[in-house]
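The values are calculated or read from the model by the stated rules, or taken from the named source; none is laboratory data. Model, not experiment: these values are computed from the prediction. Note: ideal-geometry Cβ built from the backbone for every residue, glycine included; neighbour counts use all protein chains shown. Surface accessibility is based on the protein's heavy atoms, side chains included, excluding ligands, DNA and RNA. Shrake-Rupley method; radii C 1.70, N 1.55, O 1.52, S 1.80 Å.
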Amino acid sequence: MTIDNKTVLVAGASTGVGRETALMFAADGAEVIAVARSEDKLASLKAGAGDNIRVIAGDLTDPGFTDRLIAEAGAVDILVNLAGRTAHAPFLDANPDMWRGAWELNVHALLVLSQGIARGMAARRSGHIINISSVLARQVYPLTTFYAATKHATAAVTRGMRIELAEYGIRVTEIAPGLLDTELMDQAEHPAVVAAYAKRQNARLPAAEVARAIIYAAGTAAGTAPELIALNPHGQI
Ligand SMILES: NC(=O)c1ccc[n+]([C@@H]2O[C@H](COP(=O)([O-])OP(=O)(O)OC[C@H]3O[C@@H](n4cnc5c(N)ncnc54)[C@H](OP(=O)(O)O)[C@@H]3O)[C@@H](O)[C@H]2O)c1
């Protein structure tokens, strides 16, 4: 598959893996729709990449925004679902509102956006959905109980989409990274989580490595697609 002239919607494009992914697709000639809440970060992304990037800013947990996004995006060839947040805390001390927020973004918002975009792909009998889960889609580490649950769910819905959407010509891929060098873990507030991650010795994956895996998956031959690409930094188990 060539990426040139494909329309790629990157959900969660303002920082981290999403930003790298948007830049790489744009450099390869794709028309990128970059989505996140932070208008200033999206504006600087566009300033660095030019006309190949269109920005649509909003909150993916807001159903009104998602409806508008699906309508404004038009025909999307590749959807990359990257928007995510953590929910790390000791189980006994966790705030259930944090659990709800992580579920709404990591799972519910991914489902709603994917459904809306996949309906257009199904009508055109072509498309590729790439969902970013985590090493925690298959493992649970201390302090990660609920975040890991959202990522196990991401793996499950990715598998379900792959099975159900194949007959419409839609390819579906899961990318499962280990610990990254992004801002995501800066959200951690609980002292036990901050201390545990400060002590971790293993390397962190560069965001660009995960972006490269996404570009690879998108470029595989029509009629095939990697089901799962798992990437860990050296030393992570
Ligand atoms: N970091 C890790 O160690 C790690 C490991 C494995 C998997 N992952 C997964 O990889 C994906 C990318 O993470 P990352 O490390 O690149 O994190 P990141 O830099 O924090 O990126 C998260 C992206 O999601 C966007 N986002 C957050 N809430 C949103 C909302 N309500 N509506 C729209 N956009 C929203 C953020 O932009 P705004 O804040 O501007 O909205 C940002 O663009 C996530 O799904 C994460 O769970 C991360």
*Using beta carbons and a limit of 7 Å, which pairs, at least six apart or on different chains, have the first residue in segment 212-228 and at positive phi and open to solvent by 30 Å² or more (accessible area, probe 1.4 Å) and the second one of a type in the set (D, E, K, R) and modelled with pLDDT under 95?*
none
_Can you pull out every residue in segment 197-211 that is surrounded by fewer than 16 Cβ atoms within 10 Å (Cβ to Cβ) and closer than 22 Å to D77 by Cβ?_
none
*Can you tell me which residues in segment 43-68 are within 12 Å of the ligand (Cβ to nearest atom) and either part of a strand (DSSP E or B) or within 16 Å of the chain's Cα centre (by Cα) (or both)?*
V55, I56, A57, G58, D59, L60, T61, T66
*Across segment 172-228, which residue is nearest to A102 (Cα to Cα) among those that are touching a Ser or Thr at 6+ places or on another chain (Cβ under 9 Å) and among the polar types (S, T, N, Q)?*
Q187
*Inside segment 69-104, can you point out the residues that are among the polar types (S, T, N, Q) and near the ligand (Cβ under 10 Å from one of its atoms)?*
N81, T86
*Regarding R200, is this residue within 9 Å of the ligand (Cβ to nearest atom) and more than 16 Å from the chain's Cα centre (by Cα)?*
no
*Determine whether R159 is more than 12 Å from the ligand (Cβ to nearest atom) and either open to solvent by 40 Å² or more (accessible area, probe 1.4 Å) or in contact (Cβ under 8 Å) with a residue 40 or more places away in the chain (or both).*
yes
*Restricting to segment 95-134, what's the tally of residues that are touching a residue at least 60 places away in the same chain (Cβ under 8 Å) and surrounded by fewer than 21 Cβ atoms within 10 Å (Cβ to Cβ)?*
0
*Matching entry among I214, I229, I132, I170 (being away from the ligand (no atom under 15 Å from the Cβ), modelled with pLDDT of 95 or more and of a type in the set (V, I, T))*: I170
_What's the total number of residues in segment 69-80 that are surrounded by 18 or more Cβ atoms within 10 Å (Cβ to Cβ) and in a helix (DSSP H, G or I)?_
3
*Of all residues in segment 172-196, count the ones that are of a type outside the set (A, V, I, L, M) and open to solvent by less than 30 Å² (accessible area, probe 1.4 Å).*
4
*asked:* Consider segment 12-42. How many of its residues are in a loop (DSSP other than H, G, I, E, B) and either surrounded by fewer than 24 Cβ atoms within 10 Å (Cβ to Cβ) or more than 9 Å from the ligand (Cβ to nearest atom) (or both)?
replied: 6
